[in-house]
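**Student:** Provided herewith is a single structure, encoded as structure tokens, for subsequent inquiry.
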Amino acid sequence: MIPLKRKLMAARADLAEKMAAQARKRGSTLYAYTNEILEGVLGLEAERPFHEFVEFYRALELARTLGLVLAPPALWDRADDMEEEAEKLGVNAALYIKNREENPQRSVEAFLRALIWNASIFSLQLEEYTARLEVVGQNIPDEQMEFFLSAAGGALSVLGYHETSRSTNSGLGIVHYSRESRQNRGEKQKTNR
């Protein structure tokens, strides 16, 4: 057996203590647990940045918490008038996230990415007063795209955005959103009183 070389690595004390506690909980050594984590992360990094896997996992956990299930694309052929339900789903998911997260924008984006998991391109650009959502997937049925865009609209409405334009065509969806400045919202609230 060839002896393995070891290398000293540094970590914050609180992280090292948490890792040691996790290793004990699993009945493992800190050395073995650290190597398992590093091998797993480096293996995933070969495909995508590790943080994307973490965000996707959190989004799937959120979807499970909300009672969502993955469904085969053939079901979309039978979907009628689901856009209203999709919008409610988006609103409920975003409210749930907003109440639990300090930075709900990232979690809402991860939720939406998981909801349209079969898209080859997913891009959500959130600016202070505008947002742009782009989804591309050649195998996404029109009904699924409309469902998704309605859910996205509901979720983004919780963050203060409203849809200004929507374009869909055979697996492509592009939506632009805007939101008012805090000053304009305050002036409207005073006017409505």
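**Student:** Compute the relative contact order of the stretch 88-136 as a whole-number percentage, counting only Cα pairs closer than 8 Å that sit 6 or more residues apart in sequence.
**Tutor:** It comes to 23 percent, rounded to a whole number.
**Student:** Three principal axis extents, largest first, for the C-alpha atoms of the stretch 18-58, in Å?
**Tutor:** 29, 20, 12
**Student:** How big is the convex hull of the Cα atoms of the chain, per residue, in Å³?
**Tutor:** 198 Å³
**Student:** Compare His162, His176 by solvent-accessible area with a 1.4 Å probe and give them largest first, with all protein chains kept in place.
**Tutor:** Reading off the accessible areas and sorting them downward yields His162, His176.
**Student:** Counting only other residues whose beta carbon sits under 13 Å from that of Glu55, what net charge do I get with K and R as +1, D and E as -1?
**Tutor:** Here the charged neighbours net out to 0.
**Student:** What ranking of Glu39, Glu109 comes out by heavy-atom accessible area, probe 1.4 Å, highest first?
**Tutor:** In descending accessible area the options line up as Glu39, Glu109.
**Student:** Accessible area of Ile121, 1.4 Å probe, to the nearest 10 Å²?
**Tutor:** Roll a 1.4 Å probe over it and Ile121 shows about 80 Å².
**Student:** Computed FRET efficiency, Cβ-Cβ of Met19 and Arg64, R0 22 Å: what is it to the nearest 0.05?
**Tutor:** Working from the Cβ atoms, E equals 0.25.
**Student:** Please report the accessible area of Lys88 (heavy atoms, 1.4 Å probe, ligands and nucleic acids excluded) in Å², nearest 10.
**Tutor:** Counting only protein heavy atoms, Lys88 exposes about 100 Å² to solvent.
**Student:** Could you put Asp142, Asp14 in order of accessible surface area, largest first, with the 1.4 Å probe and the full protein assembly present?
**Tutor:** Most to least solvent-accessible, the answer reads Asp142, Asp14.
The values are calculated or read from the model by the stated rules, or taken from the named source; none is laboratory data. Quick caveat, the model's predicted, so the values are computed rather than measured. Every residue, glycine among them, receives a Cβ derived from its backbone with ideal geometry; neighbour counts consider all protein chains shown. These area figures cover heavy atoms from the full protein model, side chains too; ligands, DNA and RNA do not enter into them. Shrake-Rupley method; radii C 1.70, N 1.55, O 1.52, S 1.80 Å.
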